[in-house]
Amino acid sequence: MYYSYDKVISYNAMLNFIIGERGVGKTYDLTRNLIKTFIKTGKEFVYLRRYKTELKKSVPKFFEAIIKNNEFPDHKLEVKNGNFYIDGKIAGYSIALSTANMLKSTTFANVYNIMFDEFIIDKGCYHYLHNEVENLLDIIETIGRMRDIHVYLLGNAISSTNPYFIYFNLTLPYNSNIKTFKNGLILINYIKNEEYRKVKKETRFGKLIEGTSYSKYAIDNEFLRDNKAFVKKRTPNSKFVFVLYSNGNKYGVWNDYDTGIMYISNKLDVKCPVKFTLSNEDHNNDTILLKIRTSPFLQGMIEHYRMGTLAFDNLKIKADIMPFIEKHLNY
């Protein structure tokens, strides 16, 4: 009934995105595989979380479920000083993504697997790091050097418009549960465990949340925060206005003067001389860095959102632009 990594491992991808309903066994089975690998080959692993506060809660309990189920009765599993030991030997290390840039001179010569748990986050006290994906790539380079290592990013179905999907231009599998990208270097496993779902729906909690959006997320693995409000394809009558740079992406801003709707689209006129940017990071010799308070272009975009006449081609564009709009709604 529970999840197994056997099929994913057979693909030998470098980055493995595992997205599944809560409780299906993503973390448990990967932990079990990491332990087996160390016992058999001596290959070590890294357990990665975004913040140190997450590590403080999760590291002491890392082996807890495995020990409780007596998975490895002939081996001693321990956590000491933030590291993981098997039979008295160092088997793994815990690292916070937020402080990992301090490790560039550290050697992880025997690490071959990285487990990044809960890489997708929900609304709350935690947030994605600035340039988070490149921070992770730095860690992979620091740990792997020239070795062929495997990275497993585990997450619940919070939002398909997370920074990793945007950065690598990833999409979910269609009519399948596995999809690969970049000639097999990247894999997405969108778990569809019907047996697990059937059993969970028959529990008291499953019956409690039956028919709710939370049930679709927790049991059916549907993305909880993928709100498609304001997502609409631009009309043929819309006219191109300017190019907008945001987080390394280029978008076309269009107006349909008949309906009064402004569209932000992947389609743009590359020859257009009017190119605006929202941040210093995207600013270059071709762009104009706009002032929020005085720019009629950006004020117009925000006003369109207030009036419900702003539209995005897809959820990825919406996820990229909306944090800027929400931040400056009161300007």
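Label-to-label distance, D74 versus M14, with points set 7 angstrom from Cα along the beta-carbon direction: 3.7 nm. Diffusion coefficient (Stokes-Einstein, Kirkwood radius over C-alpha pairs, 4 °C, 1.567 mPa s) for segment 27-163: 83 µm²/s, rounded to a whole number. Scanning residues 5 or more positions from I261 or on other chains, those with amide H under 5 Å from its amide H are D256, with H placed 1.01 Å from N in the peptide plane.
Under 5 Å between amide H atoms, partner at least 5 residues away or on a different chain: which partners does G92 have, H built in plane at 1.01 Å? Residues meeting the amide H criterion: F45, F84.
In order along segment 246-257, the Karplus-derived 3J(HN,Hα) couplings, from 6.51 cos²θ - 1.76 cosθ + 1.60 at θ = phi - 60°, round to 8, 6, x, 10, 10, 10, x, 9, 10, 10, 9, 6 Hz, and Gly and Pro are given as x. Note on exposure: H127, H328, H75 ranked by accessible area (1.4 Å probe, complete protein assembly) read H127, H75, H328, with the most exposed listed first. Annotation: amide H-H contacts under 5 Å for F242 (H modelled 1.01 Å from N, sequence separation of 5 or more, or interchain): V253.
Peptides 167-173, 34-40 ordered by packing proxy, namely the average of other Cβ atoms within 10 Å per residue, highest first: 34-40, 167-173. The stretch between E141 and Y257, if pulled fully straight at 0.36 nm per residue, gains 36.8 nm over its current Cα-Cα span.
Per residue, the accessible area of segment 1-72 comes to 50 Å², computed with a 1.4 Å probe over protein heavy atoms only.
The values are calculated or read from the model by the stated rules, or taken from the named source; none is laboratory data. On a predicted model such as this, the values are computed, not experimentally measured, just so you know. Cβ sites come from the backbone with ideal geometry, for glycine too, and all protein chains shown count toward neighbours. Ligands, DNA and RNA are stripped out before the accessible areas are found, and what is left, the full protein with its side chains, is counted by its heavy atoms. Shrake-Rupley method; radii C 1.70, N 1.55, O 1.52, S 1.80 Å.
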